[in-house]
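The structure appears below as structure tokens.
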Amino acid sequence: MIDESFTIDEFCANEKISRSFFYKLEAQGDAPKTYPVGRTRRIGPAAYLAWRAAREALAA
């Protein structure tokens, strides 16, 4: 199985947000869930999709 997860930097680049904004979202409880892999944290595809769906629901 190929890992389709994102690092925080990859997530931020894909969403066109800054890393500092990601941490602001995280502090507010509004960032996607992450999980540790070694010294990094990753965002799985399900967490990414859930986060995007939640953002779209707020915008509707």
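Numerical summary
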| quantity | calculated |
| --- | --- |
| Counted residues, segment 1-20 - those being in contact with a helix residue (DSSP H, G or I) (Cβ under 8 Å, 6 or more places away or on another chain), surrounded by fewer than 16 Cβ atoms within 10 Å (Cβ to Cβ) and not in a loop (DSSP other than H, G, I, E, B) | 2 |
| Residues (outside any loop (DSSP other than H, G, I, E, B) and in contact with a helix residue (DSSP H, G or I) (Cβ under 7 Å, 6 or more places away or on another chain)) located in segment 22-47 | F22, R41, I43 |
| Where Y23 falls short, out of the listed (1) under 12 Å from F6 (Cβ atoms); (2) among the aromatic types (F, W, Y); (3) surrounded by fewer than 16 Cβ atoms within 10 Å (Cβ to Cβ) | (1) |
| Among the residues listed as F11, F22, F6, the single one being touching a residue at least 40 places away in the same chain (Cβ under 8 Å) and not hydroxyl-bearing (S, T, Y) | F6 |
| Positions within segment 7-37 being modelled with pLDDT of 95 or more, of a type in the set (A, V, I, L, M, F, W, C) and closer than 16 Å to A47 by Cα, in sequence order | I8, F11, C12, F22, L25, A31 |
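The values are calculated or read from the model by the stated rules, or taken from the named source; none is laboratory data. Model, not experiment: these values are computed from the prediction. Note that we place each Cβ from the backbone using ideal geometry, even for glycine, and neighbour counts take in every protein chain shown.
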